[in-house]
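Here the structure comes first, spelled out in structure tokens, and everything after it is commentary.
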Amino acid sequence: MLKLYGSSKSRAARSLWALEEVGAKYEHIPIAPNEAKSPDNLKRNPNGHVPVLEDDGHLIWESMAINLYLAEKYGTGSLWPKDVGARADAYKWSIWGMTEVEPHLISILRNRVLLPADQKDEKAATQAVEALKGPLKVLDGSLKDGHLLGGAFTIADLNVASVLSWAMMLRLDLSATPTAQAWLQKSVGREANTKVRAMK
């Protein structure tokens, strides 16, 4: 049976979402990020992070790698595109979410929520909000058919929405990109993700 190590309050949430979408049977072991450097978890991921997926003894870390693996192995016909060009686009958008969007969201999260008051830098947070405008405009213009790869929800949508969902938590104003805003709300409102959000 598949095992997913990591709390739903961490990046493991996006991999739990993928597991729920593909309908695979799995065991969830909720390890908090601050417990990820335990000796047992370091055996699974020498970087000391979660999530980690175990599939028949094969260990995979990095949430995007896990999700692309799950989609390819278990989500053919649903999350995983059949066309090689569309699969390349799924990789492209997944990496885009991690490189063009997530660093800015992390900066906002750190400087408005996580850091102690005397270490928060509102200027850095404001710069990150401004820097997000470009990627959000790119996303907004790429959703003409309702989803990133056309008319159906795929792993590309899940991966990008899982990253951008932090914007909702941070209550960022996405009204300048209404198509992306509506797509994000619809994506994170899917039944599989709602179930994950209720987990530990």
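Below, the figures for the structure above:
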item: Members of the stretch 57-76 that are of a type in the set (F, W, Y) and touching a residue at least 40 places away in the same chain (Cβ under 8 Å); result: Y74
item: Test: residue in the stretch 142-152 that is in a loop (DSSP other than H, G, I, E, B) and charged (D, E, K, R); result: yes
item: Count of residues meeting criterion [surrounded by 19 or more Cβ atoms within 10 Å (Cβ to Cβ) and at pLDDT below 95] in the stretch 82-99; result: 0
item: Every residue from the stretch 59-91 that is within 11 Å of T154 (Cα to Cα), of a type in the set (A, V, I, L, M) and more than 18 Å from the chain's Cα centre (by Cα); result: A86
item: Within the stretch 150-190, considering residues that are touching a residue at least 24 places away in the same chain (Cβ under 8 Å) and of a type in the set (D, E, K, R), the one surrounded by the most Cβ atoms within 10 Å (Cβ to Cβ); result: D157
item: Boolean, L53 is part of a helix (DSSP H, G or I), closer than 16 Å to W17 by Cβ and in contact with a strand residue (DSSP E or B) (Cβ under 9 Å, 6 or more places away or on another chain); result: no
item: Odd one out for G134, checked against (1) loosely packed, with under 13 Cβ neighbours inside 10 Å; (2) in a loop (DSSP other than H, G, I, E, B); result: (2)
item: Test: E102 is surrounded by 14 or more Cβ atoms within 10 Å (Cβ to Cβ) and not in a loop (DSSP other than H, G, I, E, B); result: yes
item: Flag for P46 being farther than 22 Å from L164 by Cβ and in the same structural domain as G150 (by TED's automatic domain parsing); result: no
item: Residue count, the stretch 1-43 (criterion: buried (at least 17 other Cβ atoms within 10 Å of the Cβ) and among the charged types (D, E, K, R)); result: 4
item: Residue count, the stretch 8-38 (criterion: under 13 Å from the mean Cα position of the chain (by Cα) and not charged (D, E, K, R)); result: 9
item: Any hit, the stretch 60-68, residues being surrounded by fewer than 19 Cβ atoms within 10 Å (Cβ to Cβ), in the same structural domain as G23 (by TED's automatic domain parsing), among the charged types (D, E, K, R) and touching a Leu at 6+ places or on another chain (Cβ under 7 Å); result: no
item: Among residues of the stretch 104-121, those that are closer than 20 Å to V160 by Cα and of a type in the set (G, A, S), counted; result: 1
item: Those residues of the stretch 153-173 which are assigned to a loop (DSSP other than H, G, I, E, B) and either under 18 Å from the mean Cα position of the chain (by Cα) or closer than 18 Å to L16 by Cα (or both), in sequence order; result: F153, T154, L170, R171, L172
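The values are calculated or read from the model by the stated rules, or taken from the named source; none is laboratory data. Quick caveat: nothing in here was measured; it's all calculated off a predicted structure. Note that each Cβ is placed from the backbone with ideal geometry, even for glycine, and that neighbours are counted across all protein chains shown.
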